[in-house]
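In what follows, a single structure is set out as structure tokens and then discussed.
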Amino acid sequence: MLQSSDNSFLKSGSPASNPNTFNPVKTVTAPVDQATIGRTLVIKGEITGSESLYIDGRIEGKIMMPESRVTIGRNGKVDASIQAKEVVVMGKVNGNIECSDRVDIRAEGAVSGDISTVRISVEDGAALKGGIQVRSEGKHKHQDNQPKQDQPKALAATAGNA
């Protein structure tokens with residue numbers, strides 16, 4: 001009886017049906033264009049671009065990457081305002097952050113400055129000193145009319161329930 005069940009397992013465990021079989025066509029991650037600022041680099045000035053940026057060094061000035069992700073690594077220290085689609089903080093940031101998508105402050109991260117974003121995540125242990133403005137996705141940074149501000153909020157609430 002034991003042999004027959006083992007044989008049936010071998011028959012059903014053929015490479016085509018076994019999910020743990022090596023498949024050379026799939027890759028773990030797709031290659032992503034990302035610039036890296038290493039631990040020993042110090043940059044003073046303005047950084048602009050359209051690819052993702054990983055900072056493990058020191059930046060002073062201004063970072064403008066409106067269509068990209070900016071990641072401040074564990075060794076990174078940024079004394080600059082940051083404008084990006086997404087910001088991940090694992091190091092230290094001293095300056096304002098403006099994101100069109102999300103800000104993620106990890107447990108070892110520290111931010112001292114104002115944050116304006118659509119979504120924010122702050123892990124336990126992270127340090128945050130400053131103001132936070134969470135806006136809806138459709139809302140622009142500055143609006144003059146108060147009634148227009150109320151309308152996107154209602155639309156966003158309806159879209160969230162759909």
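Restricting to segment 103-121, name every residue that is assigned to a strand (DSSP E or B) and farther than 18 Å from residue 78 by Cα.
The first filter runs over segment 103-121 and keeps only residues assigned to a strand (DSSP E or B), leaving 103-105, 110-112, 115-117, 119-121.
The answer is 117, 119, 120, 121.
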Considering each of 91, 61, 130 in turn, give the residue that is at pLDDT 95 or above, buried (at least 18 other Cβ atoms within 10 Å of the Cβ) and in contact with a Gly (Cβ under 8 Å, 6 or more places away or on another chain). 91
When you go through 105, 97 one by one, which is the residue that is at pLDDT 95 or above, under 22 Å from residue 46 (Cβ atoms) and either basic (Lys, Arg) or surrounded by 19 or more Cβ atoms within 10 Å (Cβ to Cβ) (or both)? 97
Considering only segment 75-87, I want to know if a residue exists there that is surrounded by 18 or more Cβ atoms within 10 Å (Cβ to Cβ) and either touching a residue at least 40 places away in the same chain (Cβ under 8 Å) or of a type in the set (Phe, Trp, Tyr) (or both). no
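The values are calculated or read from the model by the stated rules, or taken from the named source; none is laboratory data. These numbers come from a predicted model, not from an experiment. In this analysis, Cβ positions are derived from the backbone assuming ideal geometry, glycine residues included, and neighbour counts consider all displayed protein chains.
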